[in-house]
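Undergrad: A single structure is presented below for examination.
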Amino acid sequence: MFASTFAEIAAILALAAAFGALGLLLRQPQIIMFLAAGIAAGPSGLRIVASHPQIELLAQIGIALLLFIVGLRLDLELIRTTGPVALATGLGQIVFTSIIGWGIALGLGMEPLPAAYVAVALTFSSTIIIVKLLSDKKEIDSLHGRIAVGFLIVQDIAAVLALVGLTTIGSPLSADLPPAAAALRVLAAGVGLLAFTGLAMRFLLPPLLRRLSASPELLNVFAVAWAVFLGAASDTLHFTKEVGAFLAGVSLASTPFRDAIGARLTGVRDFLLLFFFIDLGARLDWSTVGAQLGGALIFSVFVLAGNPLIVLAIMGAMGYRRRTGFLAGLTVAQISEFSLIVAAAGLQLGHIQAETMGLITLVGVVTIFASTYMILYSEPLYRLLSGPLRVFERRHPYRESPAGQAGPARGVDVILFGAGTYGRAVAEHLLARGNRLLVVDFDPRAIEAMQEKEAAVLYGDLGDPELLEGLPLEEARWIVSTVRSRELNLALVDFLTRRGFPGRIALTAAGPEEARRYEEAGAHVVFRPFVDAAEQAADALTHAMEVFPRGIDWPIGFREIRLRSGSLFAGRPVREVPLRAETGTSILAVSRAGRVIYDPDPGFRLFPGDRLVVVGPPGGLRAAEELLGRAEAASPPPEEGEFVVEEIPIPCDSDLVGRSFAEIRFRQRYAVTVVGIRRGARKILFPAAAERIEAEDRLVVLGRREAIARLRRECPRGAR
């Protein structure tokens, strides 16, 4: 159809780009759209594809890079930190799905070996698709998101092992040998490959990578060459190229260059994987697929419903709430690119026929398409099924119950959602000021850190409505969220409004538009950590840093120290700060409100937020920072000092009747602010100075409790 292979590939790429754009509109993974582009370009569509060997070569390199990056990013620490749930759920789902899937395949009349390929294909879920969807929904750091990523890594490891196991059955390496001898030969070849990789990791790669790292381009070329080399070595030993590429990635995973290599190769991987899915779609024989529709429907229903139920049952038995199990279970409601790679390897080795390949591909298309919408609309789906799913939840889901001393047992002033870097700092400052906290988070490490600070903690997720129902809202004065999710924060405000929460709400915004939305929704305080940090950084660079001398050849150092509001020395003059006596340092300058005060005199009073430029020996600067950060003993604010809003009735015989606010001067005389007048059915908000008080008005005043009490006592007599 085309005069050259180059023109043919150009047409294929244009078609893939068009289908990819359509996928963005339909909110579908690019894998599905590239498969569709391959089908459209194949013999059943536009008949564009003719250069199968060239496209297949690009596809094989793409698969090798995929396995290389999986090995490169193999993070066993994540599996460990997510606890036993990742391992138990990952392995449990693989075992149950493969056994049940194999039974279904045999029941449909398939031979044992093709049935094994189908069963294995049904067990794996797409890490790429799931991470992308969870990231788009800002759920990658949620409780169910972390668990899902943990057991997806377990699945990736199992997929590689399955690839080794299935592709060595009937391999030329084990042909014409008794089973025991064949197993020993395969084992010897595998041990030899592992030994070579281990020796390279120990002696060859570290010094070589250090030299190559001087050129990022050369480092990337070497990484690809290493992946392809081990892939070729694996192929020579009659394993698959993918196994060698995976080992190449593992061999570089412990080096400090793994992140740089992975980041640069991800785009190359995605581009080359395009040809794998194009090739797969173009080779799909619809005459065989049509006969597989019934079986594909059965397997698709099993994957879409059975896999999530298996995960839900395992997590429920381990003590998780049904919501967490359900949302994590939805992430396994599809088969992955690994499933198609395993099936393609089986087809190449002659273990399965084109009909089985078509069946697995059709199941992949159906399940990826359907599960995408299931994950995107997971919350409405959960609300619909919440009642029947109770059977999967223990009476006491202990893994998401309060840990240590529960907040409600000893009272709580602030309920704080999110104990990450920013949330933990907020919590520590609130605790230093004597507030009683209940901290809610899904990260066990954050929970442990807060327990060490003697805060009450609750292990759970802000997105769980059942957790919100169990909070001690009637005791809390403030609800604070440092979670960076607009949807969850707005849902929290809506929940608190419906519950009639009498306290105040503080939310954390990532930008001005988000802050505006929160204020409109009813948040009383909106934190803007990025804006505040940027302003402080600009102040530091523009003002305080101006006083740092240059070119001093003397063993002294300089440090800028911000005086915090809880510091023992906030509000005190410089003479009362024993920097010289205790640390051997001195205050060189103070930056405050955009201006710099050089060499402040002993009577200069320091205030919270001041930036002190301290000079002294390098060893004393750290001690100075610790001294200035020393917290004042926290004491709860006196009850009478609290601001309150009250209504003050004006009797008919009061001397205030007929007088204007300008004449009475409430602010100066009583230290209160009149924010409104209730005059019959009318409400006058912030009355003007010329507004005159009428008999039986009710003044809405804001002020400290003791000031309002004084006004209430003196109001009938008026202001003479």
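The values are calculated or read from the model by the stated rules, or taken from the named source; none is laboratory data. Given the structure is predicted, the values throughout are model-derived calculations rather than measurements. Ideal geometry is used to build each Cβ from the backbone, glycine not excepted, and the neighbour counts take in all protein chains shown.
Undergrad: Of the residues Phe299, Phe338, Phe326, only one is surrounded by 20 or more Cβ atoms within 10 Å (Cβ to Cβ) and either aliphatic (A, V, I, L, M) or at pLDDT below 90 (or both); which?
TA: Working: Phe299 fails: either aliphatic (A, V, I, L, M) or at pLDDT below 90 (or both); Phe326 fails: either aliphatic (A, V, I, L, M) or at pLDDT below 90 (or both).
Residue meeting the stated conditions: Phe338.
Undergrad: Output the qualifying pairs, or none if there are none: Cβ atoms under 7 angstrom, residues six or more apart or on different chains, first residue in segment 518-540 and closer than 28 Å to Ile597 by Cβ, second residue modelled with pLDDT of 75 or more and part of a helix (DSSP H, G or I).
TA: Arg528/Ala515; Pro529/Tyr422
Undergrad: A follow-up question, please. Would you be able to say whether some residue in segment 617-631 is modelled with pLDDT under 85, more than 42 Å from the chain's Cα centre (by Cα) and either within 27 Å of Ala425 (Cα to Cα) or in a loop (DSSP other than H, G, I, E, B) (or both)?
TA: Yes: one or more hits.
Undergrad: Do we have Ile39 as in the same structural domain as Ala227 (by TED's automatic domain parsing) and assigned to a helix (DSSP H, G or I) here?
TA: Details: in the same structural domain as Ala227 (by TED's automatic domain parsing): yes; assigned to a helix (DSSP H, G or I): yes.
So Ile39 fits the description; yes.
Undergrad: Condition first: in a loop (DSSP other than H, G, I, E, B) and modelled with pLDDT under 85. Now tell me which residues in segment 561-570 satisfy that. Explain how you work it out, then say what you get.
TA: First, pick out the residues of segment 561-570 that are in a loop (DSSP other than H, G, I, E, B): 563-566, 568-570.
Hits for segment 561-570 are Arg564, Ser565, Gly566.
Undergrad: Among all residue pairs at least 6 apart or on different chains, which show Cβ distances below 6 Å where the first residue, located in segment 481-493, is outside the structural domain of Leu376 (by TED's automatic domain parsing) and the second is crowded, with 18+ Cβ neighbours inside 10 Å and assigned to a loop (DSSP other than H, G, I, E, B)?
TA: Close Cβ pairs satisfying both conditions: Thr482/Gly418; Val483/Gly418; Val483/Leu462; Leu488/Leu462; Leu488/Gly463.
Undergrad: Please determine whether any residue of segment 210-219 is loosely packed, with under 14 Cβ neighbours inside 10 Å, hydrophobic (A, V, I, L, M, F, W, C) and touching a Leu at 6+ places or on another chain (Cβ under 9 Å).
TA: Initial filter on segment 210-219 (loosely packed, with under 14 Cβ neighbours inside 10 Å): 210-211, 214-218.
From what's left, hydrophobic (A, V, I, L, M, F, W, C): 214, 218.
The next check asks that each one be touching a Leu at 6+ places or on another chain (Cβ under 9 Å); those that pass are 218.
Yes; the residues of segment 210-219 include at least one that is loosely packed, with under 14 Cβ neighbours inside 10 Å, hydrophobic (A, V, I, L, M, F, W, C) and touching a Leu at 6+ places or on another chain (Cβ under 9 Å).
Undergrad: Another one. Yes or no: Arg47 touching a residue at least 60 places away in the same chain (Cβ under 8 Å), surrounded by fewer than 15 Cβ atoms within 10 Å (Cβ to Cβ) and of a type outside the set (Phe, Trp, Tyr)?
TA: Details: touching a residue at least 60 places away in the same chain (Cβ under 8 Å): no; surrounded by fewer than 15 Cβ atoms within 10 Å (Cβ to Cβ): yes; of a type outside the set (Phe, Trp, Tyr): yes.
For Arg47, the condition - touching a residue at least 60 places away in the same chain (Cβ under 8 Å), surrounded by fewer than 15 Cβ atoms within 10 Å (Cβ to Cβ) and of a type outside the set (Phe, Trp, Tyr) - is not met.
Undergrad: Among the residues of segment 385-399 satisfying the criterion of being closer than 10 Å to Gly319 by Cα and charged (D, E, K, R), which is modelled with the lowest pLDDT?
TA: Arg399
Undergrad: Considering (1) under 17 Å from Val526 (Cα atoms); (2) crowded, with 21+ Cβ neighbours inside 10 Å; (3) of a type outside the set (D, E, K, R), say which one Met450 fails and leave the rest.
TA: Single failed check for Met450: (1).
Undergrad: Oh, and also: For the structure I just gave you, tell me whether Thr197 is modelled with pLDDT of 85 or more and either at negative phi or not assigned by TED's automatic domain parsing to the domain that holds Leu65 (or both).
TA: Working: modelled with pLDDT of 85 or more: yes; either at negative phi or not assigned by TED's automatic domain parsing to the domain that holds Leu65 (or both): yes.
Taking the combined requirement at face value, the residue satisfies it.
Undergrad: Checking Val483 against (1) assigned to a loop (DSSP other than H, G, I, E, B); (2) over 15 Å from the mean Cα position of the chain (by Cα), which single condition isn't satisfied?
TA: Going through the list (1) assigned to a loop (DSSP other than H, G, I, E, B); (2) over 15 Å from the mean Cα position of the chain (by Cα), Val483 breaks only (2).
Undergrad: On to the next question. Within segment 512-538, which residues are more than 30 Å from Val644 (Cβ to Cβ), at pLDDT 85 or above and surrounded by fewer than 16 Cβ atoms within 10 Å (Cβ to Cβ)?
TA: Pro512, Glu513
Undergrad: If you don't mind, there's one more thing I want to ask. Could you tell me whether any residue of segment 445-455 is polar (S, T, N, Q) and at pLDDT below 90? Explain how you work it out, then say what you get.
TA: Kept after step one, since they are polar (S, T, N, Q), are these residues of segment 445-455: 451.
Keeping just the survivors that are at pLDDT below 90 gives 451.
Yes: segment 445-455 contains one or more residues that are polar (S, T, N, Q) and at pLDDT below 90.
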